Structures are given as structure tokens and as C-alpha cells.
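Here's the structure, in C-alpha cells; my notes come after.
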């Protein structure tokens, strides 16, 4: 394991630079705090909110560096927190089993990090200066690198040591590509519905076994007011002179702006990278530019091979048509100065260095006033409404709060109509307003239900405010069997029909497997494989490939998702052609990676399961 770190230091350095350095510079120790603002506790070790926030910023910077969106959503924060928890668990597990990193290995890795090099060689002065800028000492930094290397050893023990025999890889490959000719016959519950006559015992039994289905949730009826910018804009009046003047002032915005289609090759380098790393990226971009200029027709192929923009590389670097304001300024300014088929570069942006080719120009199109008159009027009305909406919104919120026992005063003052809902539950009610989670939470609060007070004002969509007041309340209750009898009867009929369909299917399958014929009207023959299931569900496909492949035709059957039974006739097995050595080797490598990743994931899940992990919601 240690030999791997020593011999493969390039791989380790790459991992450390891309994945570890941001964490090393702003790592665990810098987040230690005496406060209690923690987001998780991992086997007694805290993860502070500041650490999570910094990890989020690192994640977003990394995503932006590759041209991806970098949202600050609950899902992304949860994923980042999970990664921090996993880092803690890996560190503790590595320490528990006694993994160590020798000093020569540590020195080797640190000296190979490009950020600490000058003129191609490690610079101790640069090393100390960079650490000092980050408020760190070499001792702290080296301890963190050692810790990351220990964790990597633990991961490598799984990911670098998996083994799949060639015979196994070949067998799995052939099975995955094997095809079978199959015919289907479906026995559905609808064929038996008319025959079902459930008695009172069956109805009572179903009711008693499915109590949750007959639970009526808590419900309310509410009255509510809507203050909307769009509704306010409809009441605004504008005259012809105002509309014409607004069009003349904003004429460019109403036409079709010029668009350009460009392709690029990106050599990625973060804006925060060292001068040496930027120089290396520029040199590579200039080398590619020279190749492109020698053979312009090779631009797409070179983009596929070398571009580090994951969104466009597979398309030969093509970015499609775009107008102004859609790309970073430096890139955009360059594109809008170029001529068709012109190639320029390297152009530096925060993402790295670009080689750009302009493919086409779509000229802008001017429009007349009459063509967009209605659009201009609506825009002008909205602009006027926006000036008063903010003031109205503040007064609206104050009034429904100060006079919380009625919506009438606010309705009269702001010229709004009081609307009423039907019965709604916590899961939501009528569109478009009574489905908002925050509004529903306010409606079902104790103050709104028991005291009949106005809810808080909730912005259900941008510039749309809603306040509600509960009129009637129904607590959760169980429907009686008598009230639900008709519904229960239909459910029991459906259940009994499904059981009858499955029973008949199983009986016919047994007869088919004994050699009887002529009792089933088979559907058309179709070829299916594990990779091309032809729309069949997983259970049906699994049953087809479990069926006997000798002495054809063979028969099988399975309960289907519609509640009936599907009979299967396998009439032919089409073996895949033997793969060549290169394909077998590539498939075996993929299979090995899959197995080792699953083994590592299972190990990490086991470590987490036996560790005390608490997440603060």
C-alpha cells in the first residue's frame, strides 16, 4: 500500500491538488470553535457551520471552474455535509487500523505540488510564504497532508486491489448481450371483475386490515386575500403617447438581437491558480492553437480530445447560438468582434484559456411599434405598478397583522376581493396559491386554527402575497365502514379479480410446462436483451432470462404490475458473438471498477453505521 503511494505519486499529487488543497488550506483546524454552532457530531468530533460554509464555497468554486451551475440548495449542502462526515469517518478508521505515512513519502508528495514550485523545482521559501498567507505553519499543513494520505491509503486498499478473472468478465459480458425471442400472453384482472361478489366478511376484513386508507386527514376551509403585482398592473392605465415613448426608448430590447454561434477549446485553470500553473495552461492552449491554425478542419476533433469543458467537448466544442449577456464578458467581446470561420486565442477568462472559432452569425431583426404594441403596454403597466407595489405590500402586511381577527379591513383598503376555499388538508388545496408549503404551515398553525387569527403574509410566488384566515376546521378522523362500504366493495372486487387472474395464470403455466398446447393466444414474437428490454419491467425481464434455455420452447410466468399474470414463451436464445481481447479487457476493467466501488461504498456504509453520527437539522 505504501509502495503505491511512493510509485504513483503523480496520481496522489493530482488527487491532493484537485480535491485536497482547498480543504488543507481551509481545513479542519481552522474551523475549531468554542461555540456550539455545530451542524454534525461524528464520533465525538464536531463539524462546525463555518466549516460547512467554507466547504460549500470550495464546491461552488470548483463547479464554476468547469462551467457548471453552482446552486446553494439544501440538496447540495446535504451532499457536501455528507462528504465532510465521510472525511471524518475515514480519518478515524485510518487511525483505528494503524495506517501510517512515512516521512519520505510525505516529503515526496509536498515537493511535487505545483503551487510550491518555482522554475520547475520545489521552493522552500515559496512554500513557507504561501502557508503564511493562509495563516498556517508547515507543521499544521504537513499534518493535514499526512492525514489525507492515510485516508487515501484506506480508499486505495479497495479501489486499487479489485480482481475480476477474464473468464468471469467474458461470461458476464456475453450474458449482458444475450438476446431471447419471447412471446407474451397477459391475463388481466379486468377479465374477472364481473364474476366477483364479495360478502360482508370480506368487506369487513379489508376495512380492518387497511385502516390507514380510510383515515380522513385534518382539514380546514379558509378565506384569503391575494395582493399581486400582475393584478395591480391590469388596473394601471397608459395612453398611446406613453406607450410610443417607451418603445422608442427601449427599441433595442423589443427586437431580435444578433446571435452568434461559436465553438471553443478550453484549457481549464482556476483564477486563483499560481502563475506557474497559468503559464503551463497558456502554453498548452498556444500549442493547440498552432495545430488548429495548421488544420482548421480538425477543430472539432481537437476539442473532443483536449477541451476541458464537459458541457461542449463531446459536441466538438460547439456552444450553439447565443446573444450578448449570456457569456462571460471577455469571451463574449471576443466572439462579437470576429468574422465567420475566424479562429482566435488563447483568450483568458476566470475558467482558463479558450481557443475560439466563430461558426455563424444570425443577424438581429428590428420590429415595428405595431408588432409589439401590446407587449410594450404590458411592460409599461408593470413598471408603473412596481413603483407602488412595494409600498402597498408593506401596508398590507401591517394591516392584516394589526387587525388580525378579520380580512375585511385590508380588502376594503386595498380594493381586494375576499376568496374562499373548499376543504383543504396539510398536503395542499386549490391552485395556484393554496399549494405553497409555507402558507399551508401558517394555515395549520395553532394560532390560525384555535384563535381564528389571520396568518402571516406569505410570498407564494415572486411579487404575489397571500394572507389567509381559517373559517372551519375538521380534525383528523376515521371514516366508518358503512360510509366507505361502496369504495371498499370496489377495492375488494379488484383484489379478488387480481387473485383470480394470478391463479389462472399459474394453472396455465403448469399445463404449458407439462407439454399442453393450444390454450393461449400468444402475442407477436419480439427479441429482448438485458440492455434492450423493449419496455418490459425489471421483474418480467429477470424472469425471461432465468427461464430454461434448453429444450425450447420453454415457458415461464410472473405477476405483472397491473395486478394480473404474464405468461412467457421463450422460443429462441441468440448468443452474442465472442468479444475480441481488447473489448474483453475494457469490459473487465469496468466490471472491476464497479465491484470495487460497491465494496468501498459498503465498507463506508458499515463504518458509518457503527459510528455515532448526529446531524443537526
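Which of the following residues is in a helix (DSSP H, G or I), touching a strand residue (DSSP E or B) at 6+ places or on another chain (Cβ under 9 Å), modelled with pLDDT under 85 and within 29 Å of residue 60 (Cβ to Cβ): 285, 276, 281? Break it down into steps so the answer makes sense when it comes.
Values: 285 fails: modelled with pLDDT under 85; 281 fails: modelled with pLDDT under 85.
Of the residues listed, the single one that is in a helix (DSSP H, G or I), touching a strand residue (DSSP E or B) at 6+ places or on another chain (Cβ under 9 Å), modelled with pLDDT under 85 and within 29 Å of residue 60 (Cβ to Cβ) is 276.
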>> Whether any residue in the stretch 506-522 is surrounded by 13 or more Cβ atoms within 10 Å (Cβ to Cβ) and within 41 Å of the chain's Cα centre (by Cα) is what I want to check.
In response: no
> Can you tell me which residues in the stretch 340-359 are surrounded by fewer than 15 Cβ atoms within 10 Å (Cβ to Cβ) and under 20 Å from residue 304 (Cβ atoms)?
Replying inline: 341
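Can we say residue 410 is assigned to a helix (DSSP H, G or I) and in contact (Cβ under 8 Å) with a residue 40 or more places away in the chain? Before you say what the answer is, go through the steps one by one.
Numbers: assigned to a helix (DSSP H, G or I): yes; in contact (Cβ under 8 Å) with a residue 40 or more places away in the chain: yes.
Yes: the conditions hold for residue 410.
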> So which residues in the stretch 591-612 are modelled with pLDDT under 85 and either surrounded by 13 or more Cβ atoms within 10 Å (Cβ to Cβ) or at positive phi (or both)?
Replying inline: 591, 592, 593, 595, 596, 597, 599, 600, 603, 604
> Looking only at the stretch 305-334, which residues are surrounded by fewer than 15 Cβ atoms within 10 Å (Cβ to Cβ) and part of a loop (DSSP other than H, G, I, E, B)?
Replying inline: 310, 311, 324, 325, 326, 328
> Among the numbered criteria (1) touching a residue at least 24 places away in the same chain (Cβ under 8 Å); (2) surrounded by fewer than 18 Cβ atoms within 10 Å (Cβ to Cβ); (3) out of contact with any helix residue (DSSP H, G or I) (no Cβ under 8 Å at 6 or more places or on another chain), which single criterion is violated by residue 337?
Replying inline: (1)
> Applying the selection to the stretch 555-570, what residues are surrounded by fewer than 19 Cβ atoms within 10 Å (Cβ to Cβ) and either without any contact (Cβ under 8 Å) to a residue 40 or more places away in the chain or within 19 Å of residue 177 (Cβ to Cβ) (or both)?
Replying inline: 561
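Here are some residues: 191, 215. Which one is in contact (Cβ under 8 Å) with a residue 40 or more places away in the chain, within 30 Å of residue 445 (Cβ to Cβ) and surrounded by fewer than 15 Cβ atoms within 10 Å (Cβ to Cβ)?
Values: 191 fails: within 30 Å of residue 445 (Cβ to Cβ).
Within the list 191, 215, the selection yields 215.
Would you check if residue 387 is under 30 Å from residue 272 (Cβ atoms), without any contact (Cβ under 8 Å) to a residue 40 or more places away in the chain and either in the same structural domain as residue 62 (by TED's automatic domain parsing) or loosely packed, with under 12 Cβ neighbours inside 10 Å (or both)?
On the way: under 30 Å from residue 272 (Cβ atoms): no; without any contact (Cβ under 8 Å) to a residue 40 or more places away in the chain: yes; either in the same structural domain as residue 62 (by TED's automatic domain parsing) or loosely packed, with under 12 Cβ neighbours inside 10 Å (or both): yes.
In short, no.
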>> Anything in the stretch 86-120 that is within 36 Å of the chain's Cα centre (by Cα) and not in a helix (DSSP H, G or I)? List them, or say none.
In response: 97, 99, 112, 113
> What is the number of the single condition among (1) in contact with a helix residue (DSSP H, G or I) (Cβ under 6 Å, 6 or more places away or on another chain); (2) part of a helix (DSSP H, G or I); (3) in contact (Cβ under 8 Å) with a residue 40 or more places away in the chain that residue 399 does not meet?
Replying inline: (3)
> Given (1) in contact with a strand residue (DSSP E or B) (Cβ under 9 Å, 6 or more places away or on another chain); (2) at pLDDT 90 or above; (3) under 22 Å from residue 236 (Cβ atoms), where does residue 392 come up short, assuming only one miss?
Replying inline: (2)
> Regarding residue 314, is this residue touching a strand residue (DSSP E or B) at 6+ places or on another chain (Cβ under 7 Å) and modelled with pLDDT of 80 or more?
Replying inline: no
> Could you say whether any residue in the stretch 250-265 is touching a residue at least 40 places away in the same chain (Cβ under 8 Å), surrounded by fewer than 16 Cβ atoms within 10 Å (Cβ to Cβ) and assigned to a helix (DSSP H, G or I)?
Replying inline: yes
> Checking residue 180 against (1) surrounded by fewer than 13 Cβ atoms within 10 Å (Cβ to Cβ); (2) outside any helix (DSSP H, G or I), which test does it fail?
Replying inline: (1)
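The values are calculated or read from the model by the stated rules, or taken from the named source; none is laboratory data. The structure displayed is predicted, hence computed values, not measured ones. For neighbour counting, all protein chains shown are included, and Cβ atoms are generated from backbone atoms with ideal geometry for every residue, glycine included.
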